[in-house]
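To start, the structure itself, in structure tokens.
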Amino acid sequence: MATNQELVQIATNFLLNAPPCELMEVVSDVRALLPNESLLNATAGSTFREYNTSQMISVQTSKGATLITKEGEIGTNEYLDAKNKQVITYDHIKQEVTNERSASGEIEQDIEQYRAAFDEEATKYCNEYYPNGVSAVYGSKVSEGIKITVCISTCIYKPSAFYSGRWRSVWTCTFKPGSGNVTSNGKVQVNVHYFEDGNVQLNTVTQKQTTSPSSDAQSTAVNAFKAIGKAELNLHTSIDNNYTTMGDTTFKALRRALPINRTKINWQKVRNFKMAGEINK
């Protein structure tokens, strides 16, 4: 029989792999499976924090929406909202913002014009391609010059239609202002959960790299997002193409094909015929 520590490890794994926007539903189910639901209490805070930051969930503040990300974490449950020049405190157990304060030394002012330009383009990009999306942009100085980190997260949850999904992308753009190219390294994660009469999930992680010319702040940001948009569009197209052909390839290899008339067998009708035959004997 598993020890309490092993049970907690198993339960934590379930929680960290909860489908997009379904963490609390999984929490309820996992608690019901444990011999003592209080076993989760000691690790709930760290587990919820890991889930929320890795999923890059969006939250509402008094100044608008922002993301809870590992890239923006600056202290215990404190997250930088550079767009709105503030730092928020987020309670991962209650799932709510509990405090907001003005950012002071958390934003590097000498590169803020570049960070702000990328932030502006990220907002435009989300509005055009991800209607439910939220972006967060962070800036710092590195040996290569400037590093701009762009986080994009968009989620849809429709339990009435039995599906949920999240798109997450993190782009790290490094460059020297006004010279050379911007090198953008991206990590894109797509998670989809479909649960009508079953449980089907898509989990994919893709690494991308693009280059674009570096110039003044505004032009640098515009050119970088043109390259990012092209890379993400190619990924969208690749996923769409895979699903278009999957029905006639992968799924056929997994299960028996339909009869030649392409109609499912009505097993209830077959059963009724069999019962009628037994009665008439």
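The values are calculated or read from the model by the stated rules, or taken from the named source; none is laboratory data. Everything numeric in this text was worked out from a predicted model, so none of it was measured. Counting neighbours? That spans all protein chains shown, and the Cβs are built from the backbone with ideal geometry, glycine included. Accessible surface is based on the protein model in full, side chains and every heavy atom, while ligands, DNA and RNA are left aside. Shrake-Rupley method; radii C 1.70, N 1.55, O 1.52, S 1.80 Å.
General observations
- Taking the inverse of the mean 1/r over every pair of distinct Cα atoms in the stretch 62-166 gives a Kirkwood hydrodynamic radius of 14.9 Å.
- Relative contact order, whole percent, for the chain stands at 11, derived from Cα pairs under 8 Å and 6 or more residues apart.
- Accessible carbon and sulfur surface of the chain relative to its total accessible area, %, 1.4 Å: 51 percent
- Taking every DSSP helix (H) stretch of at least 4 residues in the chain, weighting each as -39,500 (n - 2.57) and dividing the sum by the residue count yields a mean residue ellipticity at 222 nm of -12000 deg cm²/dmol.
- Shape of the chain, Cα gyration tensor, a/c cut at 1.5: oblate
- Rounded if a/c under 1.5, otherwise prolate or oblate - the stretch 100-145, Cα gyration tensor axes: oblate
- Summed residue charge, Cβ within 13 Å of Thr66's Cβ, Lys/Arg positive, Asp/Glu negative: -3
- Calculated on alpha-carbon atoms, Rg and Dmax of the stretch 29-90 in Å: 14.4, 46
- Relative frequency of Cα-Cα separations exceeding 19 Å in the stretch 1-145, percent: 58 percent
- Charge context of Asn223, other residues only, Cβ under 12 angstrom, K/R +1, D/E -1: 0
- Using a cutoff of 8 angstrom between alpha carbon atoms and counting only pairs six or more residues apart, the relative contact order for the stretch 1-104 works out to 16 percent.
- Solvent-accessible surface of the chain, averaged per residue with a 1.4 angstrom probe and all protein chains in place: 58 square angstrom.
- The equivalent ellipsoid that matches the C-alpha gyration tensor of the stretch 114-175 spans semi-axes of 29, 12, 6 angstrom, in descending order.
- With a cut-off of 14 Å between beta carbons, the residues surrounding Thr204 carry a summed charge of +2, where Lys and Arg count +1 and Asp and Glu -1.
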